[in-house]
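Asker: For reference, the structure I am asking about is given below.
The values are calculated or read from the model by the stated rules, or taken from the named source; none is laboratory data. Bear in mind that the values here come from a model prediction, so they are computed numbers and not experimental data. Here the Cβ positions follow ideal geometry from the backbone for every residue, glycine too, while neighbour counts run over all protein chains shown. Just the protein is used for accessible areas: all its heavy atoms, side chains included, with ligands, DNA and RNA removed. Shrake-Rupley method; radii C 1.70, N 1.55, O 1.52, S 1.80 Å.
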Amino acid sequence: MKFWFVTGSQFLYGEETLRQVEEDSKKIVAGLKLPFPVEYKLTVKKESEITSIIKEANYDDECAGIITFCHTFSPSKMWINGLRSLQKPWLHFHTQFNDNIPNEAIDMDYMNLHQSAHGDREHGFIGARLRMPRAVVAGHWSDPAVQEKIADWMRAAVGVQFSKNLRIVRFGDNMREVAVTEGDKIEAQIILGWQVNTFAVGDLVRLMNEVTDSEIDALMKEYAELYDFDKADEECIRYQAREEIAIEKILVREGAKAFSNTFQDLHGMRQLPGLAAQHLMHKGYGFGAEGDWKTAGMTAIVKAMYPDGYTSFMEDYNYDYKHELILGSHMLEVCPSIAADRPRIEVHPLGIGDREAPARLVFEGRAGSAKALSLIDIGGRLRLIAQDVECEKPFQSMPNLPVARTMWKPAPSFLEGLECWIIAGGAHHTVLSYDITDETVRDFARIMGIELVVINKDTKKYQLERDMMLGDVIYGR
């Protein structure tokens, strides 16, 4: 994916000035060190050019968004039709070619060339007048801190592009009688672009039976490169490889990047996918347990934003009130991208699902600042909850808990963090990400037009309750 850089100007200044505008714009683009490529497209000088380039951006699948900058004065009326048709994320970059005002060089020609303080304010007005969701970043283009702000927005825009094309496979339905994993799939497709469909577990089993020994051998070599395991467990591990290969074949066939399953629907399967789901997440797929397609989708989106990052499906399991920590884990399915050390494949009985003891990766999660994300259907709308957490190395070995696990402290404090999460309606399933920033979360929610609830060090419980009431008014119950 890439981003298009469009500079605003007009014909008033003459050809010499316009040539300099284009040259300066290309230098700005060349100087941007960002996680995704930026391509200078053109300097627009009239309404037809603006409308044409925006239509082109809308229909280019590789274009994840546009960055606009008004080097000179670009009358905003000529942007109206183009911006109203814009279907891609938009960042208004309020910068300037030079980072200072030269005492002797500044004259009227210089003023006419360097008019960002003038032109970008006109450009900003029309964005506000059109009530368009957009990010605004101000500062000199060479400043690393300014570029980091653009990078945050870029990741959100890539997540939006990914979301609009996301297909999610559900193997079976939701865990029975669970409320928070339910949701309006039509609304999710209208708002987020997700196509969520169910596939029979029996069809998965049929494909599993067709997996060849050579396919399993190849995947076992991959496991051996990444994980430790005992030779005695190979037969069980090979069954997980069989599951993984069959699941991925369906995902590839359907163009899907996320999936869910449930231990209550394992028709014809000997094991609940553990290692299989974990290694698929390691490859970049999203996953949600117990049929939780919303968490599966958000996991996939965050992984697309940060392809080399640390992101996993997660679940709140237990509290340590004495040490003020939450134990995060799951029966089996935690992504090894968050492991502090080399994971180990182990085989242990699972007291749920009524199947054979499954192989799973066992490890401790890394320490560091992170966010717990929960996407919920609040009734008539979607709400994204983002809570700051501080992950710590578990202070106990927990030898009889053979699963991947981590521990964290929620913001603003342990008890307030728990209360705020409950007030917001946060699920027990989350996406745990060590990478995503406040700015990226906010940009993603703004572009998507969904409600965002942020819980951080500054959150007050009673103000949060009031914010929930305002959310009902703003977004409708």
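Asker: Across every pair of different alpha-carbon atoms, what Kirkwood hydrodynamic radius in Å does region 371-477 reach?
Answerer: Value: 14.8 Å, from the Cα pair sum.
Asker: Cβ under 14 Å from K164's Cβ, K164 left aside: what net charge do those residues give with Lys, Arg +1 and Asp, Glu -1?
Answerer: 0
Asker: For helix 116-129, report the angle its Cα long axis makes with the longest principal axis of the Cα atoms of the chain; keep it between 0 and 90° and round to the nearest 10°.
Answerer: Value to nearest ten degrees: 60.
Asker: Can you list the residues, at least 5 places off or on another chain, whose amide H is less than 5 Å from the amide H of A138, using H built in the peptide plane?
Answerer: Distant-sequence amide H within range of A138: H94.
Asker: Then there's this: Remind me, relative contact order of the chain in percent, using alpha carbon pairs under 8 angstrom and six or more residues apart?
Answerer: Relative contact order of the chain: 12 percent.
Asker: Give, rounded to the nearest 20 debye, the magnitude of the charge dipole that the chain has about its Cα centre when Lys and Arg contribute +1 at Cβ and Asp and Glu contribute -1 at Cβ.
Answerer: That gives a dipole near 1020 debye.
Asker: Which whole-number value in Å² is the accessible area per residue of the chain, probe 1.4 Å?
Answerer: 44
Asker: Still on this model: With every protein chain kept in the model, how would you rank R238, R170, R355 by accessible area, 1.4 Å probe, largest at the top?
Answerer: Result, largest first: R355, R238, R170.
Asker: Taking the Kirkwood radius as the inverse of the mean 1/r across Cα pairs, report the Rg/Rh of the chain.
Answerer: Ratio of gyration radius to Kirkwood radius for the chain: 1.03.
Asker: In nm, to one decimal, how far is the M469 label point from the T212 one, both placed 7 Å along Cα→Cβ?
Answerer: Placing both labels 7 Å along Cα→Cβ, they lie 6.7 nm apart.
Asker: A follow-up question, please. Among G65, V178, A246, flag the residue with its Cα farthest along the positive direction of the charge dipole of the chain, charges on Cβ as +1 for Lys/Arg and -1 for Asp/Glu.
Answerer: G65
Asker: Taking the Cα-to-Cβ direction at I450 and at M132 and moving 7 Å from each Cα, how far apart do the two end points lie in nm?
Answerer: Spacing of the two 7 Å Cα→Cβ label points: 2.4 nm.
Asker: Now a separate question. So what's the angle, to the nearest 10 degrees on a 0 to 90 scale, between helix 144-164 and the longest Cα principal axis of the chain?
Answerer: Computed tilt is about 60 degrees.
Asker: Which value, in Å² and to the nearest 10, is the accessible area of Y310 when all protein chains are kept and the probe is 1.4 Å?
Answerer: Counting only protein heavy atoms, Y310 exposes about 80 Å² to solvent.
Asker: When all C-alpha to C-alpha distances in region 432-477 are sorted into bins of 5 Å, what percent of pairs does each bin hold, rounded to whole numbers?
Answerer: Cα pair-distance distribution for region 432-477, in percent: 5, 18, 24, 24, 21, 7, 1.
Asker: How large is ³J(HN,Hα), in whole Hz, for each residue of region 55-60 in order, when computed from phi with the Karplus curve 6.51 cos²θ - 1.76 cosθ + 1.60 and θ = phi - 60°, using x for Gly and Pro?
Answerer: 4, 4, 5, 4, 9, 9
Asker: Here is a follow-up. ³J(HN,Hα) across region 308-320 via Karplus (A = 6.51, B = -1.76, C = 1.60, θ = phi - 60°), whole Hz, x for Gly/Pro?
Answerer: 10, x, 10, 9, 8, 4, 8, 9, 6, 10, 8, 10, 10
Asker: Towards the positive end of the charge dipole of the chain, with charges on Cβ (+1 Lys, Arg; -1 Asp, Glu), say which of L266, H114, M154 has the farthest Cα.
Answerer: The Cα lying farthest towards the positive end belongs to H114.
Asker: Using +1 at the Cβ of each Lys and Arg and -1 at the Cβ of each Asp and Glu in the chain, identify which of C420, S337, L130 lies farthest towards the dipole's positive end.
Answerer: Farthest along the dipole direction, towards plus: L130.
Asker: Given all pairs of different Cα atoms, what value in angstroms does the Kirkwood hydrodynamic radius of region 266-422 take?
Answerer: Taking every pair of different Cα atoms in region 266-422, averaging 1/r and inverting gives 16.3 Å.
Asker: For region 178-301, what Kirkwood radius comes out of the mean inverse Cα-Cα distance, in Å?
Answerer: 15.3
Asker: Report the extension gain between E104 and E56 in nm, rounded to one decimal, defined as 0.36 nm multiplied by the number of residues separating them, less their alpha carbon distance.
Answerer: In short, 13.0 nm is gained.
Asker: Suppose accessible area is computed on protein heavy atoms with a 1.4 Å probe; arrange L418, L91 from highest to lowest.
Answerer: Putting L418, L91 in descending order of accessible area: L418, L91.
Asker: List the residues whose amide H sits under 5 Å from the amide H of M331, counting only those 5 or more places along or on another chain, with H placed 1.01 Å from N in the peptide plane.
Answerer: Residues meeting the criterion, in which the H sits 1.01 Å from N, do not exist here.
Asker: Going by alpha carbons, how many degrees (0 to 90, nearest 10) lie between the helix axis of 414-424 and the longest principal axis of the chain?
Answerer: Approximately 80 degrees, to the nearest 10.
Asker: List, in order, the whole-Hz ³J(HN,Hα) value for each residue of region 438-451 obtained from phi through the Karplus relation with A = 6.51, B = -1.76, C = 1.60 and θ = phi - 60°; use x for Gly and Pro.
Answerer: Calculated HN-Hα couplings, in order: 4, 5, 5, 4, 5, 4, 4, 5, 5, 5, 6, x, 10, 5 Hz.
Asker: Considering every Cα-Cα pair within region 1-135, what fraction, in whole percent, is farther apart than 17 Å?
Answerer: Everything past 17 Å amounts to 57 percent.
Asker: Can you pick out the pairs among K149/K409; K33/K393; K33/K409; K33/K164; K33/K249 whose Cα atoms lie more than 29 Å from each other?
Answerer: Checking Cα-Cα distances, K33/K393; K33/K409; K33/K249 exceed 29 Å.
Asker: Continuing with this model, one more query. So how exposed is T212, as accessible area in Å² (1.4 Å probe, rounded to 10)?
Answerer: Counting only protein heavy atoms, T212 exposes about 60 Å² to solvent.
Asker: Return the calculated 222 nm mean residue ellipticity for the chain, to the nearest 500 deg cm²/dmol, obtained by summing -39500 (n - 2.57) across DSSP H runs with n ≥ 4 and dividing by the residue count.
Answerer: -12000 deg cm²/dmol
Asker: As a test of the definition: which semi-axes, in Å, follow for region 236-355 when you take the square root of five times each eigenvalue of its alpha carbon gyration tensor? Largest first, please.
Answerer: 22, 19, 14
Asker: Could I ask something else about it? Rolling a 1.4 angstrom probe over the protein chains, ignoring ligands and nucleic acids, what is the accessible area of K41 in square angstrom, nearest 10?
Answerer: For K41, solvent-accessible area is about 60 Å².
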